[in-house]
Amino acid sequence: MGTTLLAMRYKDGVYVASDSQTSSGSYISNRAADKISPISDNIICLRAGSSADTQNIVDLVKNIILKEKIEREDQIEVRVVAQLLRNVCYMKKSTSNCGFICAGWDIFHGGQIYAIVQGGTLITIPFVSTGSGSIFLSSFCEANFKDNMNEKEIETLIIKAISFAIQKDANSSGFIRICKITEKGFFKRSVLPLKSPKY
């Protein structure tokens, strides 16, 4: 429990980021968790809530997508994956604790971001943050995000935003995992948070 997830659309696709700490109350179970799960070559999923529940749901959706990909021999649309996640979340709403951000790129609609909450609500927006640290960065993102930002601008903004959350939120910590998704696929790496990010 306790996390910070952020996804932003930019000129060439989507950038996503997360902190790397998982905890249960005051107990920190993992300081190097990976909350960014690839679904296919061009779609990833950010996971919030119970690690066991979210990993189980992502694995289930990956298996469905793999079967679909073999049958169609075609690129899967991002919104199809988001809809599958939504359906599973709705079916398991009384027994699981989970929230997702599904982000990716496809030939039909370019870069897309979908937020899926536990009850099964699905919304698409140019940027979204979730988790306990999101309350500390939402105003910062509202003030600084612009449509069609270039890669350098969006990466600087997303690292600064997660650094703010890590600095302020007791349940968000560790390092920052970032992932860029474009028509060429996804590229993932880790960076250290900024020590004194300026608003």
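So if I check each of Glu68, Glu77, which one is of a type in the set (Asp, Glu) and either in contact with a Pro (Cβ under 8 Å, 6 or more places away or on another chain) or at pLDDT below 85 (or both)?
Glu68
Count, please, the residues in region 23-59 that happen to be over 24 Å from Arg79 (Cβ atoms) and more than 12 Å from the chain's Cα centre (by Cα).
Selection size over region 23-59: 14.
If I go through region 2-58 residue by residue, how many of them are at positive phi and outside any loop (DSSP other than H, G, I, E, B)?
Residues in region 2-58 being at positive phi and outside any loop (DSSP other than H, G, I, E, B): 2 in total.
Do you know which residues across region 163-199 are touching an Asp or Glu at 6+ places or on another chain (Cβ under 7 Å), open to solvent by 20 Å² or more (accessible area, probe 1.4 Å) and of a type in the set (A, V, I, L, M, F, W, C)?
Of everything in region 163-199, just one residue is touching an Asp or Glu at 6+ places or on another chain (Cβ under 7 Å), open to solvent by 20 Å² or more (accessible area, probe 1.4 Å) and of a type in the set (A, V, I, L, M, F, W, C), namely Ile166.
Report yes if some residue within region 4-13 is open to solvent by 30 Å² or more (accessible area, probe 1.4 Å), in contact with a strand residue (DSSP E or B) (Cβ under 6 Å, 6 or more places away or on another chain) and touching a residue at least 60 places away in the same chain (Cβ under 8 Å); otherwise report no.
Yes.
Give region 131-154 a look and list any residue that's surrounded by 18 or more Cβ atoms within 10 Å (Cβ to Cβ), of a type outside the set (Val, Ile, Thr) and under 12 Å from Leu6 (Cβ atoms), or say none.
Gly131, Gly133, Ser134, Phe136, Leu137, Cys141, Phe145
Residue by residue through region 165-199, note down the ones that are more than 17 Å from the chain's Cα centre (by Cα) and outside any loop (DSSP other than H, G, I, E, B).
Across region 165-199, the qualifying residues are Gln167, Lys168.
Is it the case that some residue within region 67-78 is within 16 Å of the chain's Cα centre (by Cα) and open to solvent by 30 Å² or more (accessible area, probe 1.4 Å)?
no
Every residue in region 114-124 that is surrounded by fewer than 13 Cβ atoms within 10 Å (Cβ to Cβ) and at pLDDT below 90, please.
Gly119, Thr121, listed by residue number.
Only one of (1) over 17 Å from Tyr10 (Cβ atoms); (2) out of contact with any Asp or Glu (no Cβ under 7 Å at 6 or more places or on another chain) is not met by Asn97, so which one is it?
(2)
The values are calculated or read from the model by the stated rules, or taken from the named source; none is laboratory data. Note that this is a predicted model, so its numbers are computed, not measured. Positions of Cβ are backbone-derived with ideal geometry, glycine not excepted, and every protein chain shown enters the neighbour counts. Heavy atoms of the whole protein, side chains included, go into the accessibility calculation; ligands, DNA and RNA do not. Shrake-Rupley method; radii C 1.70, N 1.55, O 1.52, S 1.80 Å.
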